[in-house]
Amino acid sequence: MESSRGKWSSKAGFIIAASGSAVGLGNIWKYPYIAGENGGAAFTFVYLICIAVVGLPILLSEFVIGRKTQLSPVGAFEKLVPKTKWKFIGYLGVASAFVILSFYGVIGGWTIKYTYLAISTGFENLSGNPEAAGEVFNAFTTSTWNPLFWHLIFMSLTVWIIVNGIKGGIEKWSKIMMPMIVIILILLVVRGLTLPGGMKGVEFLFSPKFSELTPQSIVLALGHSFFTISLGMGTMITYGSYLGREQNLLKSGVIVIGVDTAIALLAGIAIFTAVFALGADPAGGPGLIFTVLPTIFPKIPGGHMWASLFFFVLFMAALTSAISMLEVVTAYFVDQKGWSRSKATLIFGGVITVVGGFSSLSLGGFSDITIFGMNFFAFLDGVSSKYMLPIGGLLIAVFIVYRWGLPKFLDEIMEGHTGHRPSAMVVKVIFIIAAAVVFFIIVNEIVQAITGSSIIG
Ligand code: TRP
C-alpha cells in the first residue's frame, strides 16, 4: 500500500536517488583538490579504507533506522526508543541539513554561473592565465548581487524538485541526472587520458608514495568519507524511510558507496589528466576547479564543449545532493508537524535561501563580520563538517550497538537479504572500530580548535 508520505517506485529508484545524494560537490570539487594537496595517491588510499570501514556501517545504520520506522530522523528515534533523548540525533540532523544547505546552495549557484560562463565564453579570455581566472572568480564570489542571483536560481530548482515529492521529484530527477553525470564524466575521462602527458595525472592519483601519508591527511580522509556519502545528518534515514521491505539494504549500500567512489575517482582522473597534461598546479586548493580548470580548457581541442559539459556535470551533482538536504527538513515538518509537503518545502526552502544569501554576502560585503575568526560561510562549513556530521554519525553507531542492539539491526538487514546472517560479534567489532575512529576525529578537532595543534601532528 502506498503511504501518504510517498515511496520510491522501484529498488533501482532508491539506489539512484541515494547515489544522487552521495555524489555531489564532495566528489567533483572537494575530493580532487584535497587529494591534490595531500599527495594524491596516498590520500586516495586512506580515503578508500575509510569509506569501507567507517562509511558502510554508518550508511547501513541509517538505512535500517529509516526503513524500520518509515519515518524521518526525529520521529524514527522517537518510535524506536520512545520518550528518550535519542531523538536529539534527529534534531541535530535537521539542524545540519539547514546549516549545510546554507552554504552548499551558494556553491550550487556558482556551478550554474560557471556553466553559463563556459557556454558563453569557453573561458577563451582566461586561457593559460591563472591570475586572470583567480580575479574573475574572486570578483564574482565577493560581489553582492551576481552570486545571489545564481544562488536563488539553484535554490529554486532544489525547492521545486522537493515540492514534487519522492517519485515525481527526487526519483524522477535523479534518474535523469545521474546517468548524464556518469556518461559525461566518462567522456571527460577519455578526453583527459588521450591528452599527451595525461597519464601522469593518473599516476599522481593512483601510485601511492607512503612517505606522503601525513597524519593530517588521514584525518582529512576520514572527515571526507563522511561527507561524501551523506552521513551523519539523517539524509539516508529519510531516504530509507520511503523504502519497502523487499529492498536488500546491504546490497544497496554497497552499490551507493561503489557509485560514489567511482564518480570521485572518475572526476579525479578527468581533472588531473588535464592538469598534468597542461602543466598546471595539482595543489590548486579549493579554487582548483574554478580557477585552474578555466585556464586549461581553452587549450584543449574542443575545450569549449568540454568546459561546458564539465561545469554542467558539477551543477547536476550539486543539485541531486542539495535536494537530499532539503528533504530532511521537509520530511521533519511533514512527519512531526503534519504540514503539507509544499508548505514545509516552500517555507523552509525560503528560510534556507535567505540564510544562504547571508553566507554568500559573508564572502564579500559582510566579510568583516566573523564568528570565531571565520566568515559566516566558512563557519557554516567548518561547524557542520568538523562537528555536526561526525557527532551525528557517532551517535548513530553508538545507538545501534549500545541502545537498540545489534540483533535488531541484523533482523532488519536480513529483510530483503537472501544471504547468510552476518555474525553479531563480527558486526559489533566493525561498529566499535568505526565509532572509535569517528570519536577520535571529533576529539582531535576539538583539541585543535582549542589549542591550535592537532593530537597527531
Ligand atoms: N554527499 C554530498 C557531496 O558529496 C553532500 C551531501 C548531501 C551531504 N547530503 C548530505 C553531506 C548529508 C552530509 C550529509 O557533495
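With neighbours defined as other Cβ atoms within 10 Å of a residue's Cβ, the residues R341, R245 order from fewest to most as R245, R341.
Against the main long axis of the alpha-carbon atoms of the chain, helix 172-193 sits at an angle near 40°. Between the beta carbons of N146 and M305, assuming R0 = 30 Å, the FRET efficiency works out to 0.75 to the nearest 0.05.
What base-10 log of the normalised intensity I(q)/I(0) is obtained for the chain from the Debye formula, alpha carbons as equal point scatterers, at q = 0.06, 0.07, 0.10, 0.11 Å⁻¹? For the chain, the Cα-only Debye profile gives -0.24, -0.33, -0.69, -0.85. Computed from backbone phi, the HN-Hα couplings of the stretch 256-263 come to 4, 5, x, 5, 4, 5, 4, 5 Hz, rounded to whole numbers (Karplus: 6.51 cos²θ - 1.76 cosθ + 1.60, θ = phi - 60°; Gly and Pro given as x). With Cα atoms as the point set, the stretch 153-205 shows a radius of gyration and Dmax of 17.0, 47 Å.
Across the stretch 263-400, the fraction of Cα-Cα pairs farther apart than 28 Å, rounded to a whole number, is 41%. Around the Cα centre of the stretch 102-192, unit charges on the Cβ atoms of Lys, Arg, Asp and Glu (plus for the first two, minus for the last two) sum to a dipole of about 440 debye.
In whole angstrom, the stretch 1-137 maps to an equivalent ellipsoid with semi-axes of 38, 20, 16, each derived as √(5λ) from the alpha carbon gyration tensor and ordered largest first. Put in line by how crowded their Cβ is, counting other Cβ atoms within 10 Å and starting with the fewest, S211, S454 read S211, S454. Here the Karplus relation 6.51 cos²θ - 1.76 cosθ + 1.60, evaluated at θ = phi - 60°, turns the backbone of the stretch 271-277 into coupling constants of 6, 6, 4, 5, 4, 6, 4 Hz, with x for every Gly and Pro.
Rounded to whole Å, the principal axis extents of the Cα atoms in the stretch 168-233 read 50, 39, 10, largest first. Calculated over the stretch 368-457, the projected area of the Cα convex hull averaged across directions stands at 8.2 nm². In this structure, the pairs whose alpha-carbon distance is over 28 Å, taken from K175/K209; K167/K337; K30/K85, are K175/K209; K30/K85.
Each Cα pair of the stretch 234-326 feeds into the Kirkwood radius, which the Stokes-Einstein equation turns, at 25 °C and 0.890 mPa s, into a diffusion coefficient of 157 µm²/s. Of the residues F103, V351, F88, the one whose Cα sits farthest toward the positive end of the charge dipole of the chain, with +1 on the Cβ of Lys and Arg and -1 on the Cβ of Asp and Glu, is F88. Each Lys and Arg adds +1 at its Cβ and each Asp and Glu adds -1 at its Cβ; summed about the Cα centre, the chain shows a dipole of about 1380 debye.
Neighbour counting of Cβ atoms within 10 Å sorts the residues H224, H304, fewest neighbours leading, into H304, H224.
Over the stretch 30-89, the reciprocal of the mean inverse Cα-Cα separation, the Kirkwood hydrodynamic radius, stands at 13.8 Å.
Every read-out reported here was derived from the displayed coordinates using simple, explicitly stated rules and does not represent laboratory data. Not measured: the values here are computed from a predicted model. All Cβ positions, glycine included, derive from the backbone under ideal geometry; neighbour counts span all protein chains shown.
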